[in-house]
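The block underneath contains the structure these notes are about, expressed in structure tokens.
The values are calculated or read from the model by the stated rules, or taken from the named source; none is laboratory data. Quick caveat: nothing in here was measured; it's all calculated off a predicted structure. FYI the Cβ positions are ideal-geometry reconstructions off the backbone, even for glycines, and counts take in every protein chain you see.
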Amino acid sequence: MKNIESKLKEKRVFKPSEEFVHQANLNSRTLDKLIKKYKTDSSLFWKELAVNEITWIKKFTSVCTGRSPFFKWFEDGTLNISANCLDRHIETDKKDKIAIKHVSEDNQINSLSYNELFSKVNSFSSGLKNLGLKKQDRVIIYMPTIPESITAMLSCARLGLIHSVVFAGFSSESLKDRINDCSAKVVITVDSFKRGGKFIQAKETVDRALAMGCPSIQHCIVYKNSSEEINFDESRDIWWDKIIDTNDKIITPEEMMAEDLLFILYTSGSTGKPKGIIHSSAGYLLNCLLTNKWVFDLKDDDIFWCTADIGWITGHSYVVYGPLALGSTILIYDGAPTYPDGDRFWKIIDENQVTVFYTAPTAIRTLMKLGDELPKRHKLDSLRLLGTVGEPINPEAWIWYHKTIGKENCPIVDTWWQTETGANMIAPLPGIYPIIPGTCTKPLPGIEIGVVDSEGNEVKDTKQGGNLVIKKPWPSMLRGIWGDEERYIKTYWEKYDNRFYITGDTARKDKDGNVWIMGRSDDVVNVSGHRLGTMEIESALVSHKYVAESAVVSFPHDIKGEAIHSFVVLRDNFKSYAGKQFADELREWVKIKIGSIAKPDRISFSTNLPKTRSGKIMRRLLRNVARGEEISGDTSTLENENILNQLKDIH
């Protein structure tokens, strides 16, 4: 099969300031030493990092063992993740440092020190223990991002319970499926929470899920988060404040083996039921710690705001486990990004002096669509580092983020990773790498990636792309899919005979070794024998000043084999341009930017695109629309089903 052609030309380069380079956690000299150490002795490389970064109960003697695709890390070592996030800090001067700063949608601010969080976790752990839960029992957490949901996660980790956080926007059926897949014994929720000024009835959703049949559930713990009335089943439901211990009892952290499971996190498959990705304890924590230090350059005085919900892997690794294990201060916002106004994010940054800000390209494009006037109302001068996560960021959105939000002073770390990888794999090291908009730069120390063709051979041509793979095991890699070993092997390993981890993404490497993500492997279009990555066509469309967002898929064509259908969202003040005349103008624009081969045959305009609740564009549904097919596969993560009706007008 032919490799994927790259037509994207991006030559703008941004170097970190001397001031940033001087203070960075990782400099060129340290990086060179790390790379040399890894190449000389990869086991020693990982061993020294694990010894230095993690507080162990019993030291490990083995580093990486097992055979592909079943690897084990630090297998005979023991530790407790909760103790690494709390206990080791309260024995130091970090005891009174702010761990969590919580901003509610109505701007109520609640700060918790490490000592206060330690007390909350111990009192809730006591309550869970009294319910008779045992090590490695499963607990579902269906809550918004509030201090209590983080308390619940850390309490599970303290007792060795496996938590599975389900994003609190999921339907009752989605929740029921996840409960039953892992045979959870307890579900923890809130009565309700606010989004966009309206109450979301979380407990009601849980009640409906349990009514559909969840035989493993023994208890439903409810945190009173509002004054909303709820149904309460005395035989099953328990109020949070009725089970917590109020006597300052310290619960000894459970001694866990390094490979004991920490959590299950469900990620939707393109077809069939969602996959329960499983992560272990020590290996996961190590990559979380390293990437928070190396990529986000976290310092003792930083206020880190990662906007992800705790229901996603980003919330696990860059809201909870990574920053708290480092002893950092995290800000969490429990509300809608544009409520009550479109400048809510920028207001929070100014009012709380956020220094490191990590969000999704979808959020950036949404806020960019609202115009530059809103961020210009705010100083944003506390920011020193910006990050993006979830999907590749188009160069024009990158430039807007750099200029309008970062005031051209902040390095941008465009991070590539997945639920399955546990932590950042490819990302700029902000004090070292010059950054070109659109590339996630180079793999981090200890991560070996490849861009390979269908036979597994490395693609040498810098203008050609291939399948992105990870060639060697790494500590935070997924350990499997809950209860489905066969699906784990087939999805991630089988294609290349278990030699590489298959990411499902396509990419190319430029002459400097920078990695450019081209899209998902099923997002490649084959036009007249030319295989094109959809990411580049989308970037060309978004570079037009009227366009806020775009998504590109293919549909069958009698002559070309496949042709391109572009779905386009215009910026708010240019919505009136949606129509045939501007569609023709966009075709010419793509021709200038990439070439005639990439011109879309069809263009549809809409006010938004179908997205998951974590903000990723659901291109699978767009392919269904473009090809006139019935909507197929798992749609439980679709945020707004009505948006599909807007996409049927074609120009």
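If I filter segment 444-471 down to residues being part of a loop (DSSP other than H, G, I, E, B) and polar (S, T, N, Q), which single residue comes out as modelled with the highest pLDDT?
In this case the residue turns out to be N457.
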Single match in F124, F118 (criterion: over 25 Å from the mean Cα position of the chain (by Cα), assigned to a helix (DSSP H, G or I) and crowded, with 24+ Cβ neighbours inside 10 Å) | F124
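Considering only residues of segment 131-181 that are among the charged types (D, E, K, R) and outside any loop (DSSP other than H, G, I, E, B), which is surrounded by the fewest Cβ atoms within 10 Å (Cβ to Cβ)?
Among them, the one singled out is E173.
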Which members of segment 483-514 meet the condition of being of a type outside the set (K, R), more than 18 Å from D461 (Cα to Cα) and assigned to a loop (DSSP other than H, G, I, E, B)?
-> G483, D484, W493, D497, N498, F500
In contact with a Lys or Arg (Cβ under 6 Å, 6 or more places away or on another chain), surrounded by fewer than 18 Cβ atoms within 10 Å (Cβ to Cβ) and under 26 Å from D334 (Cβ atoms): does that describe N107?
-> no
Output the qualifying pairs, or none if there are none: Cβ atoms under 7 angstrom, residues six or more apart or on different chains, first residue in segment 57-78 and among the small types (G, A, S), second residue surrounded by fewer than 14 Cβ atoms within 10 Å (Cβ to Cβ).
-> G77/K58; G77/K59
Of all helices (runs of 4 or more DSSP H) fully inside segment 537-649, the set with 1 or more residues that are of a type in the set (D, E) and more than 24 Å from the chain's Cα centre (by Cα) is 580-593
Selection from segment 565-576 of residues at pLDDT below 90 and surrounded by 12 or more Cβ atoms within 10 Å (Cβ to Cβ) yields D572, F574, K575
The listed residue being among the polar types (S, T, N, Q), in a loop (DSSP other than H, G, I, E, B) and modelled with pLDDT under 95, out of T441, T419 = T419
Taking E234 as the residue in question, decide whether it is out of contact with any Ser or Thr (no Cβ under 7 Å at 6 or more places or on another chain) and either assigned to a helix (DSSP H, G or I) or at pLDDT 95 or above (or both).
-> yes
Somewhere in segment 414-422, is a residue on the phi < 0 side of the Ramachandran plot, of a type in the set (G, A, S) and assigned by TED's automatic domain parsing to the domain that holds G504?
-> no
Matching option when the condition is out of contact with any strand residue (DSSP E or B) (no Cβ under 8 Å at 6 or more places or on another chain), in a loop (DSSP other than H, G, I, E, B), assigned by TED's automatic domain parsing to the domain that holds V354 and surrounded by fewer than 20 Cβ atoms within 10 Å (Cβ to Cβ), among D300, D245, D309 = D300
Answer yes if at least one residue in segment 261-272 is surrounded by 14 or more Cβ atoms within 10 Å (Cβ to Cβ), modelled with pLDDT of 95 or more and in a loop (DSSP other than H, G, I, E, B), and no otherwise.
-> no
Please go through segment 406-417 and pick out each residue that is surrounded by 23 or more Cβ atoms within 10 Å (Cβ to Cβ) and over 19 Å from the mean Cα position of the chain (by Cα).
-> C410, P411
Considering (1) closer than 30 Å to E259 by Cβ; (2) in contact with a Gly (Cβ under 6 Å, 6 or more places away or on another chain), say which one L161 fails and leave the rest.
-> (2)
For segment 387-412, enumerate the residues that are among the hydrophobic types (A, V, I, L, M, F, W, C) and in contact with a Phe, Trp or Tyr (Cβ under 7 Å, 6 or more places away or on another chain).
-> V389, I412
Select, from A211, A168, the only residue that is at pLDDT below 95 and either within 25 Å of the chain's Cα centre (by Cα) or not β-branched (V, I, T) (or both).
-> A168
Verdict on K599 being surrounded by 18 or more Cβ atoms within 10 Å (Cβ to Cβ) and within 20 Å of E10 (Cα to Cα) = yes
Exception for Y333 within (1) among the aromatic types (F, W, Y); (2) surrounded by 24 or more Cβ atoms within 10 Å (Cβ to Cβ); (3) under 22 Å from V413 (Cβ atoms) falls at (2)
Collect the residues in segment 386-416 that are at pLDDT 95 or above, in contact with a Pro (Cβ under 6 Å, 6 or more places away or on another chain) and part of a loop (DSSP other than H, G, I, E, B), keeping them in residue-number order.
-> P411
Only one of L326, L290, L285 is hydrophobic (A, V, I, L, M, F, W, C), in contact with a Lys or Arg (Cβ under 9 Å, 6 or more places away or on another chain) and crowded, with 19+ Cβ neighbours inside 10 Å; which?
-> L326
Give segment 202-230 a look and list any residue that's surrounded by 18 or more Cβ atoms within 10 Å (Cβ to Cβ), in contact with a Ser or Thr (Cβ under 8 Å, 6 or more places away or on another chain) and not in a helix (DSSP H, G or I), or say none.
-> C220, I221, V222, Y223, N225, I230
Starting from segment 600-622, keep only residues that are closer than 18 Å to W312 by Cβ and modelled with pLDDT under 90, then list their pairs with residues that are in a helix (DSSP H, G or I) and among the small types (G, A, S) whose Cβ atoms are within a distance under 7 Å, requiring at least 6 positions of separation or different chains.
-> G615/A363
Of all residues in segment 51-91 being of a type outside the set (A, V, I, L, M, F, W, C) and part of a helix (DSSP H, G or I), which is farthest from S281 (Cα to Cα)?
-> H89
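Listed here are the residues, each with its yes/no results for (1) outside the structural domain of T415 (by TED's automatic domain parsing); (2) surrounded by fewer than 24 Cβ atoms within 10 Å (Cβ to Cβ).
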site: G504; (1), (2): no, yes
site: R508; (1), (2): no, no
site: K511; (1), (2): no, yes
site: I517; (1), (2): no, yes
site: L532; (1), (2): yes, no
site: E536; (1), (2): yes, no
site: E549; (1), (2): yes, no
site: F555; (1), (2): yes, yes
site: D558; (1), (2): yes, yes
Checking S43 against (1) farther than 22 Å from I470 by Cα; (2) exposed (fewer than 14 other Cβ atoms within 10 Å of the Cβ), the condition it does not meet | (1)
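Report, by residue number, each residue of segment 115-146 that is acidic (D, E) and over 15 Å from G160 (Cβ atoms).
Pass one, segment 115-146, residues acidic (D, E): 116, 137.
Hit for segment 115-146 is E116, nothing else.
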